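A short worksheet on the structure shown next.
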Amino acid sequence: MKIDEQILQTDEWGRVKKSFGWEPFRIYFGKNSSCLVLKRKIPLINKCFFYIPRGPVIDYSDKFLIENFLKAVKALSKEQNALFVRIDPEIEESEIGNLNNLKFFGFLKAKKEIQPRSTFIVDLKADLEKIRANFESKFRYNIHVAEKHGVEIKIDLEEKAIDIFYSLYQETCSRQNFIIHPKSYYQKVFSNIIKNNMGCVFTAYFENEPLSSVIIFSLGKRIWYMYGASSNRHRNLMSNNLLHWEIIKWAKAKGFEKYDLWGIPSNPNPKHPLWGVYRFKKGFNGRFVRFIGAYDLPFNKALYKVFDNGIILYQNIVRFIKKGTISDSLSE
């Protein structure tokens, strides 16, 4: 796998995270290998931890390469006084040999995920007619409904698109009871990702009123459905279905080969907070992919165990205070 296949391993993503409490580093190992490492300070103790989002992007069947990576990250850990490193590579659950190689080097399953570990991936190499025919019948019908009512889709590369997106996102947050980043976060996404031709904003309108909006990331041969928002109004017009169909048509024209729909529950059920998201994304009939999720390599096992148990308790208390529940969208 090449580094250009994972948007969260780019320096541009590192710059986004730098504005919100993370310090980015890039470490080099092997002949042509490197990875983005994000550092986060741990309050009250003179320690930090590392996070390698969707990485490192390496061949996990190669123990020698894994060993070289570990030498580089351990050297950085000594310099920065890190307690552990967390990774969440794109290793599928079926890749038992690769997972066993991680365990061989001391990696432990993390109790909490940072990124969603499951997704649907739509193959864009087929003809558009075949892609649309492969959608669930209800999904195709909803596209027709939006087209019939004159819903329009616009691509926007200007920063005002973030204003429109965020206004819709606040409605979505209120409706579905989840916590979102401040508007400044998405403005940083715009200035570092979209302005560098690694994404764009698609918005659906009805009679000049924005109904739904999506921020797409793009790199190599893949696009990602990173953030989506929709209005409480005119939900019967099914603007989201048409919106994603137009995104797929745009991606095909640009030569992209995969549409990664991003986060869905790993074990979907009607009681999960993302059940509605799962049902919508299932309509694409993409390939269901479940990755192994986050794994930690402690540099101090005793202190790591204390921290790991304490941070789970703290997060549950904060979530209960804010939402009245300890469940979250990354729960299995």
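The values are calculated or read from the model by the stated rules, or taken from the named source; none is laboratory data. Since this is a predicted model, take the numbers as computed values, not measurements. Heads up, the Cβs are rebuilt from the backbone with ideal geometry, glycines too, and the neighbour counts pull from every protein chain shown.
Among the residues making up segment 188-229, those that are in a helix (DSSP H, G or I), polar (S, T, N, Q) and surrounded by fewer than 18 Cβ atoms within 10 Å (Cβ to Cβ) are Ser191, Asn196. Report whether or not Glu67 is acidic (Asp, Glu), part of a helix (DSSP H, G or I) and either closer than 30 Å to Leu261 by Cα or touching a residue at least 40 places away in the same chain (Cβ under 8 Å) (or both). No; evaluated as a whole, the condition is false for this residue. Selection over segment 143-172 of residues that are in a helix (DSSP H, G or I) and either at pLDDT below 95 or not polar (S, T, N, Q) (or both) gives a count of 17. Scan segment 33-51 and give yes if some residue there is more than 28 Å from Lys305 (Cβ to Cβ), part of a strand (DSSP E or B) and either touching a Lys or Arg at 6+ places or on another chain (Cβ under 7 Å) or not assigned by TED's automatic domain parsing to the domain that holds Glu12 (or both), otherwise no. The answer is yes; a qualifying residue exists. In segment 299-313, the condition of being at pLDDT 95 or above and either in the same structural domain as Ser218 (by TED's automatic domain parsing) or surrounded by 15 or more Cβ atoms within 10 Å (Cβ to Cβ) (or both) is met by at least one residue. Within segment 232-262, the set of residues being touching a Ser or Thr at 6+ places or on another chain (Cβ under 7 Å) and outside any helix (DSSP H, G or I) comprises Phe256, Asp260, Leu261, Trp262.
Please work out which residue is surrounded by the most Cβ atoms within 10 Å (Cβ to Cβ), limiting yourself to segment 133-153 and to residues that are farther than 28 Å from His272 by Cβ and touching a residue at least 12 places away in the same chain (Cβ under 8 Å). Among residues in segment 133-153 that are farther than 28 Å from His272 by Cβ and touching a residue at least 12 places away in the same chain (Cβ under 8 Å), the one surrounded by the most Cβ atoms within 10 Å (Cβ to Cβ) is Val151. All conditions in (1) more than 16 Å from the chain's Cα centre (by Cα); (2) modelled with pLDDT of 95 or more; (3) on the phi < 0 side of the Ramachandran plot hold for Asn208, with the sole exception of (3). Per the conditions (1) in a loop (DSSP other than H, G, I, E, B); (2) crowded, with 20+ Cβ neighbours inside 10 Å; (3) without any contact (Cβ under 8 Å) to a residue 60 or more places away in the chain; (4) β-branched (Val, Ile, Thr), the sole criterion not satisfied by Ile180 is (2). When the criteria are applied in full, Lys112 meets the requirement of being closer than 24 Å to Trp275 by Cβ and either free of Cβ contacts under 8 Å to residues at least 12 places away in the same chain or in the same structural domain as Ile87 (by TED's automatic domain parsing) (or both). If you check Glu67, Glu113, which single one turns out to be among the acidic types (Asp, Glu) and at pLDDT below 95? Checking each option against the conditions leaves just Glu113. Note on segment 71-97: residues that are surrounded by fewer than 18 Cβ atoms within 10 Å (Cβ to Cβ) and not small (Gly, Ala, Ser) amount to 11. Checked against the criterion of being loosely packed, with under 14 Cβ neighbours inside 10 Å and aromatic (Phe, Trp, Tyr), segment 15-33 has at least one qualifying residue.
Between Arg132, Arg175, Arg140, the distinction of being assigned by TED's automatic domain parsing to the domain that holds Phe256 and at pLDDT below 95 belongs to Arg175 only.
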